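FYI, it's all coordinate maths here, none of it is from the lab. Predicted, not measured: the structure shown is a model, and the values here were computed from it. Cβ placement follows ideal geometry from the backbone for every residue including glycine, while neighbour counts extend to all protein chains displayed.
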Amino acid sequence: RDVTGVQTCALPISELDLWYDGTRVDSLIDYFEPADRGRVSVHIEKKRERRTSLGAFAKLTTMAGGRPRITEEPPVRVAISDEEQAELVGQFLAAYRLTLQEDRRTLFDRFTETDTVRQVVGVGSVGMQVYLVLMEGRSGTDPLFLQVKQAGPSVYEAHLGPSRHDTHGARVVSGKRLIQSATDIFVGWGSMGGRDYYVRQFRDMKIIPTTALIAPRLTEFATACGETLARAHARTGDAVAIAGYIGKGSKFTAAISRFAASYADQNERDHAQLVRAVNTGAIQSQPE
């Protein structure tokens with residue numbers, strides 16, 4: 001046992017192996033039955049080709065005055081004032097640039113901001129300020145989309161005190177680099193208008209699996225997700241202490257199973273409440 005009283009044990013792999021470990025595409029495909037692997041591979045390859053800045057450029061931009069502009073689609077994408085855009089380009093991006101590694105800063109300098117809009121994104125960012133920035137390479141046919149997302153306080157701060165990082169954006173980026181085996185090369189941070197933000201590429205071949213694809217193999221997909229989460233905990237925490245706390249018995253597995261079932265029931269209740277609110281007109285919804 002260590003000084004905290006937690007029983008410890010040796011790691012099954014070395015610290016370096018843990019750091020370099022990751023879930024590769026081929027290992028993810030192996031979770032599926034042999035008959036399904038070809039279909040999954042085709043799906044991943046198609047999405048990989050489309051979910052890039054070039055793919056987003058073809059879908060989200062139009063030419064105006066001889067320049068590419070991000071197409072507005074209220075309320076999802078709306079234009080911002082000239083003053084707001086000037087602040088973002090003249091101050092924010094300049095400060096963000098300094099948070100990049102030097103080699104990536106050199107790459108970033110080869111692009112110029114062309115247009116910026118305010119954007120509404122996923123559930124986790126509802127109510128936050130988010131910008132979509134279109135940048136253009138020197139050839140004029142080499143777009144780069146950056147997403148500037150507001151970063152708020154961690155939910156842990158109320159219980160554990162303020163973060164050791166100067167800004168919430170820096171905290172988020174530090175967390176990304178710790179838990180992700182392949183972090184976006186343009187991830188960085190900055191502040192503007194009294195708010196903290198972090199920056200990442202809008203499309204860097206991140207693939208979102210469809211429900212139809214994973215539903216027949218939900219257990220296998222959950223296993224892959226569980227391994228990814230376990231690796232993130234091991235990289236950010238004390239893997240030896242975690243392993244000792246879990247132990248070799250079934251108590252931890254049983255406790256997590258009970259929590260998962262309870263959480264699933266809560267999700268069903270929340271969704272039913274949302275559907276009722278939409279049906280009664282209490283809130284408005286917009287289909288995708």
Projected label distance in nm at Glu268 and Thr106, using a 7 Å step from Cα toward the beta-carbon: 5.7 nm
message: Run the simple label-point estimate for His165 and Leu218 please: 7 Å along Cα→C-beta, distance reported in nm.
response: 3.4 nm
- request: Would you mind working out the magnitude of the charge dipole of the stretch 84-182 relative to its Cα centre, with +1 at each Lys and Arg C-beta and -1 at each Asp and Glu C-beta, to the nearest 20 Debye?
  value: 360 debye
message: Quick check for me: using +1 on Lys/Arg Cβ and -1 on Asp/Glu Cβ, what's the dipole size of the stretch 239-282 about its Cα centre, in debye to the nearest 20?
response: 200 debye
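Please state the charge dipole magnitude for the stretch 133-245, taken about the Cα centre, from unit charges on C-beta atoms (+1 on K and R, -1 on D and E), reported in debye and rounded to the nearest 20.
In total the dipole reaches around 40 debye.
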message: Cβ neighbours within 10 Å, averaged per peptide: list 69-81, 156-168, 246-258, 109-121 in order, most packed at the top.
response: 109-121, 69-81, 156-168, 246-258
task: In nm, give the distance between the simple-model label positions of Thr228 and Leu16, each being 7 Å from the Cα along the Cα-to-Cβ direction.
output: 2.7 nm
- prompt: What is the calculated FRET efficiency for Ser139 to Ile246, with r their C-beta to C-beta distance and R₀ = 41 Å, to the nearest 0.05?
  reply: 0.20
Inter-centroid distance (Cα atoms) of the stretch 80-120 relative to the stretch 133-147, Å: 11 Å
